[in-house]
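Colleague: Here it is: the structure, laid out below.
The values are calculated or read from the model by the stated rules, or taken from the named source; none is laboratory data. Nothing here was measured: the structure is a model prediction, and the numbers come from that model. Neighbour counts run over all protein chains shown; Cβ positions are idealised from the backbone, glycine included.
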Amino acid sequence: MVELQRDISTLQVTWLGRCVYFLSFFRNNQARNNIARVFGQILSPSAKKRLAMAYFSHLMTSLKEIFLFTWISNKRLAKRVQFIGIEHLHQATNEGKGVILLTGHFGSWEFAPLFFLVRAPQYTNRYYCVRKSLRFTFLDNILLRRYENAGCQIINKKNAVRRIYSVLQKQGVVLFPFDLRPAYHTKNKLRVNFLGQETSTYTSLAFLVDKLQSPVVPVTSYRLNKKHHVIEFYPEIEWEPYADKEQAFLHNTQRYNNRLEDMLLANPAQWLWSYKRWQE
């Protein structure tokens, strides 16, 4: 059962978020549908409404930040970012097998790679981010230039496993968003539970860990207020072996999804609720 870790009534709602929420009723809205799907029997109608408005408030703020942070200097950006638990990453790095940073679309996710590097420059040029190109090419190009200037190297989501494998062999650190739904035609997937709903997910993370024994360190990002963001690292999720490889993949992939779920529920308004995570 999904259990929220904070009081919904404390979630911040802006006037712009309220406007977008009410405008969303003019069409079938994926964010409201997802919130109803996950919390339908758990939250009251007023609480679900509050969560939806808080999500739209977060989304509008994130869009504004894309333009603001594109032009802000790294020095000023570093003052806005706080680290929690960075020692978990340092410990994993010392194992010498590369590191997979397990994450999702949390907080200001497009700038999470930059938030990391401006506070941890020692990882420059060994830090990689798996991402999909934005629909707006001009905006995507601006972000890519900012990533490159900061020393963050991009791995395109399409056919990413081979590149990630190579990077980990060279002791790189890979930011791996793992809250995406596999395409219908994808063969390398399995069924797990995420937020109380059965859904498909990739086997790629389990495959990489099984082959390379690379440590998996969960990390989330979230906005504290208008000016400050947090990057929080969690202890490594150690691989739990099974004699049957398929069972090992299923068991450990479920554990990865459980950690994503925990990080999401700690700040429920700051996940990408408008993404079609579950197939009908």
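Colleague: Among what's in segment 201-219 and is among the polar types (S, T, N, Q) and surrounded by fewer than 23 Cβ atoms within 10 Å (Cβ to Cβ), pick the residue that is farthest from Ala92 (Cα to Cα).
Modeller: Thr203
Colleague: Then there's this: Among the candidates Val209, Val217, single out the residue that is in a strand (DSSP E or B), under 30 Å from Tyr184 (Cα atoms), modelled with pLDDT of 95 or more and in contact with a Pro (Cβ under 9 Å, 6 or more places away or on another chain).
Modeller: After applying the criteria, what remains is Val217.
This table checks each residue for (1) aliphatic (A, V, I, L, M); (2) closer than 23 Å to Asn257 by Cα.
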{"residue": "Phe106", "(1), (2)": "no, yes"}
{"residue": "Ala120", "(1), (2)": "yes, no"}
{"residue": "Val130", "(1), (2)": "yes, yes"}
{"residue": "Leu143", "(1), (2)": "yes, no"}
{"residue": "Lys158", "(1), (2)": "no, yes"}
{"residue": "Ser166", "(1), (2)": "no, no"}
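Colleague: For residues in segment 40-65 being hydrophobic (A, V, I, L, M, F, W, C) and touching a helix residue (DSSP H, G or I) at 6+ places or on another chain (Cβ under 6 Å), which is surrounded by the most Cβ atoms within 10 Å (Cβ to Cβ)?
Modeller: Going through the qualifying residues, I end up with Phe56.
Colleague: Could you count how many residues in segment 168-192 are touching a helix residue (DSSP H, G or I) at 6+ places or on another chain (Cβ under 7 Å) and farther than 30 Å from Gly151 by Cα?
Modeller: Here the count works out to 3.
Colleague: Is at least one residue of segment 229-242 more than 26 Å from Phe111 (Cα to Cα) and not in a loop (DSSP other than H, G, I, E, B)?
Modeller: no
Colleague: So, one more: Here are the criteria: (1) more than 30 Å from Phe207 (Cβ to Cβ); (2) of a type in the set (Val, Ile, Thr); (3) over 20 Å from the mean Cα position of the chain (by Cα). Tell me which single one Thr93 does not satisfy.
Modeller: (1)
Colleague: With the requirement that a residue be in contact (Cβ under 8 Å) with a residue 60 or more places away in the chain, aromatic (Phe, Trp, Tyr) and outside any loop (DSSP other than H, G, I, E, B), what does segment 161-182 give you?
Modeller: Of everything in segment 161-182, just one residue is in contact (Cβ under 8 Å) with a residue 60 or more places away in the chain, aromatic (Phe, Trp, Tyr) and outside any loop (DSSP other than H, G, I, E, B), namely Phe176.
Colleague: If you don't mind, another one. Counting residues that are in the same structural domain as Gly172 (by TED's automatic domain parsing) and acidic (Asp, Glu), which helices (runs of 4 or more DSSP H) fully inside segment 1-114 reach at least 2?
Modeller: Answer list for segment 1-114: none.
Colleague: Run down Tyr256, Tyr242 and say which single residue is of a type in the set (Phe, Trp, Tyr) and modelled with pLDDT under 95.
Modeller: Tyr242
Colleague: Related question: Find all pairs meeting these conditions: Cβ atoms under 6 angstrom apart; at least six residues apart or on different chains; first residue within segment 23-51 and within 18 Å of Leu265 (Cβ to Cβ); second residue of a type in the set (Lys, Arg) and surrounded by 17 or more Cβ atoms within 10 Å (Cβ to Cβ).
Modeller: Ile35/Lys48; Phe39/Lys48
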